[in-house]
Amino acid sequence: MWSSRLGRPRPLACGVEELRRRRREREAALRKARREQQLVSKRLLREDVPEEAAGEGADAPLGEAEVQQFLRLAQRGTDEKEREKALVSLRRGLQHPDTQQTFIRLEGSMRILVGLLTSNRALLQLEAARCLHELSHSEQSAVAEACLPATSYLLTYLSGHSSDFIELCLYTLGNLIVESEAVRKQLVPQGIIPALAACIQSPHVAVLEALGYALSQLLQAKEAPEKIIPSFLDSTLPQHMLQLMQPGPKLNPGVAVEFAWCLHYIICSQVNNALLITHGALSTLGLLLLDLAGAVQRTDDAGLELLVCPVLRCLSNLLTEVPVEAVGGQMLLRDERIVAALFILLEFFLQKQPSLLPEGLWLLNNLTANSPTFCTSLLSLDLIEPLLQLLPLSNAVSVMVLTVLCNVAEKGPAYCQRLWPGPLLSCLLNILALSDTEVVGQSLELLQLLFLYQPEAAQAFLQQSGLQALERHLEEIQLRDRVHAVQHTALHG
Amino acid sequence: MLLPPALQARLAGAPGAAEPLPVQRDSAAGAAPFLFSPRPVRFPRDHQFFEDGDVQRHLFLQEVLTQVAEEPEKSRVPEFTCQVAGCCQVFVALEDYQHHYHMLHGNTCSFCNRAFPSGHLLDIHILEWHDSLFQILAQRQDMYQCLVEGCPEKFKTSQDRKDHMVKLHLYPADFRFDKPKTNRGPSSPGAAVELSARPLRDDEEAMEVCSEPAMLTPCRRTYSHRIPSTICFGQGASRGFKRTRKNKHQ
């Protein structure tokens, strides 16, 4: 994909079918976890290394005596190489959960590891940090909590200049943050927000990506809206993040993805979105969306939806918070290119990730609901017909498409005159043949508006056996009254 | 989805929009039994609407984290020695040397050769250990600043500062970068022996680098030996810094 790390080929221990099956399993597991509101659990963040993928990673767990020996050698060995090798062996062992348990139960083990982490031997320091990183992958919060003595040092090192090391510290912190509330409770007073604010000035892309990861985990915590987001908003981090998301030649997609997700977690927590708007979030995100729509045409990059998704979410939620009087001041809300961009992205979703179509349509709703400008854009840019093409995809998509069309129709006769004549009526007649209550209900709303403001459409409806199409829904309680009302409007104008 | 051909051109065109069509509403439009009224929708954090996108996000993260944890590839090079005067560390990988350089020579105090993990801590060290004006001022006002970046508190003594860091910031009481000033001068001379022969003692200052003692002159230094963060270690170079001249900051 984008970062060089992801470009590294991984040894394939199994065939493509097997990989697909595993991915489906992982996806199902993630879906289940999300419904249980456990998506932050790290158990799901690291792919299980299959047993048969033998090699350097699949060592047997280390016993207590071995762990002790490696630690002693690393701490007091006389030969530099020997000390390093001991730590490497320990690190490999720590990939195994049993070894992790053994390690944390051993008295003084973390103290020794922290001592090596803060020693003046650079290579030992690196290996000690890697050991900590292994521990941070544990699914047991007890192991994460055993790493508490190291956090002040991890934070201190974020202000250094060794970019590989900082990257490692950030991923370790991100992992620890996910696993344990006790860790987060310590990191905030230890100054993680100012540390990240200093670190975000790094010129290294890999560091920024890692920082985005750690920050996204912090912001996703369940206590984040009360305990973390306020201090985040008080810091210089929001401005720096928005700056790093400005479209242009210097934009790094991998970094932008992480920060976009950070922004999403902040915005949907609804702590102080007005502040973000004053920092220019709407215009930055809007320009980014335009840029992404342009990118979609140029490349066949399969990973683009990872960035498009959070940007869409941020924009949609932020739009609900622009006070009516400020609408005129927002350039974004008077620029119909945003509508053009959105449709290009809807098309992209249709090809690559149809499950994200509702999110795109959500933005379209929020753009058009109170905006005669954008409703006019839909008409003048000939986007009604493409919109109608989305109707058959799913009930959820149908409801949203119909809602957007209602946004247009409710603005009055000038708008409805552009909706009919056209394919709209026959689409609505097709929908009346369906049985989903919500879809039919929304189509009734649209029919009512259309007949009210464009009476000729009612005539055509009657001629095409519209009344009969309505009849079958009289039995449905939620629809009955509206069916009657539409029939009345059609017949009597 | 068949998009109109002019759409791409519109995207590339100028900002702005056509004049909106006139809005004219009839009061019968929103009347019962009809429910519709246009409104922007807001979704909170855990809403089910976000499920699909969240799952995709986490699938991506899984891949990233698995790769982050993999054995790092190192650029192996013929063995070379760190060129900083007095340091005789040997390396076979550029990444290791990069880390070593930044950690041990990057933020080094030119008075006493102690290395610090950040410029921030180095600055505080120089102020508190090597600035005689600081000592004078400290007698009259709170001068010992909290080491946590972003915390504005200052204290009368380093012990007060330590208490603050332990109580408020939950720092360990034996935080390695907050040792009280000792009466030792620079690192002991003659310690420029093979570093591997000296095991690290637990009570030793963690970041002490034993190298040639700094030539102490009575005048105050107003700068420190610090490498700008934008120094790039060219990955293509096989040898490090082959400087034959003495490091002029010493």
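Quick note: the coordinates plus some simple rules give every number you see, no bench work behind them. Here the structure is a predicted model, which is why all the values come from computation and not from measurement. A quick note on method: Cβ atoms are made from the backbone with ideal geometry, for glycine too, and the neighbour counts reach across all protein chains shown.
Run the helix sum for chain A: -39,500 (n - 2.57) per DSSP H stretch of 4+ residues, divided by residue count, reported at 222 nm to the nearest 500 deg cm²/dmol.
Rounded to the nearest 500, it is -21000 deg cm²/dmol.
Please list, in chain and number order, the residues 5+ apart from B:Gln145 or on another chain whose amide H is under 5 Å from its amide H, with Hs placed from the backbone.
Correct list: B:Phe155.
Under 5 Å between amide H atoms, partner at least 5 residues away or on a different chain: which partners does B:Asn107 have, H built in plane at 1.01 Å?
Correct list: B:Phe116.
Counting Lys +1, Arg +1, Asp -1, Glu -1, what net charge surrounds A:Leu290 among other residues with beta carbon under 10 Å of its beta carbon?
Taking every other residue near A:Leu290 into account, the sum is -1.
Counting only other chains, what is the mean number of Cβ atoms within 10 angstrom of the Cβ of each residue in peptide B:164-176?
What the average comes to for B:164-176 is 4.
If each Cα of the stretch A:214-356 is one equal point scatterer, what is log10 of I(q)/I(0) from the Debye formula at q = 0.14, 0.20, 0.21 Å⁻¹?
-0.65, -1.27, -1.37
Rg/Rh for the stretch A:403-478: what does it come to with C-alpha atoms and Rh from Kirkwood?
Details: Rg = 11.8 Å, Rh = 12.5 Å.
Result for the stretch A:403-478 is an Rg/Rh of 0.95.
Need one number: the % of Cα-Cα pairs in the stretch A:92-192 sitting beyond the 23 Å mark.
So the portion of pairs separated by more than 23 Å is 17 percent.
Taking θ as phi - 60°, what are the ³J(HN,Hα) couplings along the stretch B:72-82 by the Karplus curve (6.51, -1.76, 1.60), each to the nearest whole Hz, with x for Gly and Pro?
With the stated coefficients, the stretch B:72-82 comes to x, 7, 10, 7, 6, 9, x, 3, 9, 10, 5 Hz.
Return A:Lys32, A:Lys352, B:Lys167 ranked ascending by Cβ neighbour count within 10 Å, so the fewest neighbours appear first.
B:Lys167, A:Lys32, A:Lys352
Could you work out the percent of alpha carbon pairs in the stretch B:36-82 separated by over 18 Å, rounded to a whole number?
Of all Cα-Cα distances in the stretch B:36-82, 64 percent exceed 18 Å.
Per residue of A:405-412, what is the mean number of Cβ atoms on other protein chains within 10 angstrom of that residue's Cβ?
For peptide A:405-412, the averaged partner shielding equals 5.
Using the basic label-point model (7 angstrom from Cα toward the beta carbon), what is the A:Lys81 to B:Lys181 distance in nanometres?
4.4 nm
Using Cα centres only, tell me the gap between the stretch B:1-79 and the stretch A:396-463 in whole Å.
25 Å
When the expected Rg is taken as 2.2 N^0.38 Å, what fraction or multiple of it is the alpha-carbon Rg of chain A?
For chain A, the normalised Cα radius of gyration comes out at 1.21.
Given just the C-alpha atoms of the stretch B:1-94, how large is their convex hull per residue in cubic angstrom?
Measuring per residue, one finds 390 Å³ for the Cα hull of the stretch B:1-94.
Please order B:His130, A:His488 by the number of other Cβ within 10 Å, starting at the fewest.
Fewest-to-most ranking of B:His130, A:His488: A:His488, B:His130.
Find the centroid of the Cα atoms in the stretch A:80-127 and in the stretch B:127-173, then give the distance between the two in whole Å.
32 Å
Sort A:443-449, B:50-56 by the packing proxy (mean of other Cβ within 10 Å over each peptide's residues), most packed first.
Working: A:443-449: 26.6, B:50-56: 20.1.
Result, highest mean Cβ count within 10 Å first: A:443-449, B:50-56.
What is the stretch A:226-355's relative contact order, in percent, from Cα pairs under 8 angstrom and six or more apart in sequence? Walk me through the intermediate numbers first.
On the way: 102 pairs, mean separation 38.3, N = 130.
For the stretch A:226-355, the relative contact order is 29 percent.
Give the average, rounded to an integer, of partner chain Cβ atoms located within 10 angstrom of each Cβ in A:134-140.
1
Hydropathy first: keep DSSP H helices in chain A averaging at least -0.5 on Kyte-Doolittle, then drop any whose Cα extent along the axis falls short of 15 Å, and list what survives.
Those that pass (Cα extent of 15 Å or more, hydropathy at least -0.5) are A:122-136, A:163-179, A:205-220, A:253-268, A:281-298, A:305-319, A:337-352, A:357-368, A:395-409, A:437-453, A:477-492.
For the ranges B:30-36, A:377-383, A:124-130, what's the packing order if you count other beta-carbon atoms within 10 Å of each residue, average per peptide, and put the highest first? Don't skip to the end; give the middle numbers.
Details: B:30-36: 14.6, A:377-383: 19.9, A:124-130: 23.4.
Ranked from most to least packed, the peptides come out as A:124-130, A:377-383, B:30-36.
What list of ³J(HN,Hα) couplings, whole Hz, do you get for the stretch B:94-103 from phi and the Karplus terms 6.51, -1.76, 1.60, once you set θ to phi - 60° and write x for glycine and proline?
Working through the residues one at a time gives 5, 4, 5, 5, 4, 5, 4, 4, 5, 6 Hz.
Taking amide H atoms as placed 1.01 Å from N in the peptide plane, list the residues 5 or more away in sequence, or in a different chain, whose amide H sits under 5 Å from that of B:Val77.
Those qualifying (amide H under 5 Å, at least 5 residues apart or on another chain) are B:Ala93, B:Leu94.
Enumerate lysine pairs in chain A that are 8 or more residues apart or on different chains, then count those whose Cα atoms are under 24 Å apart.
Summing the qualifying lysine pairs gives 8.
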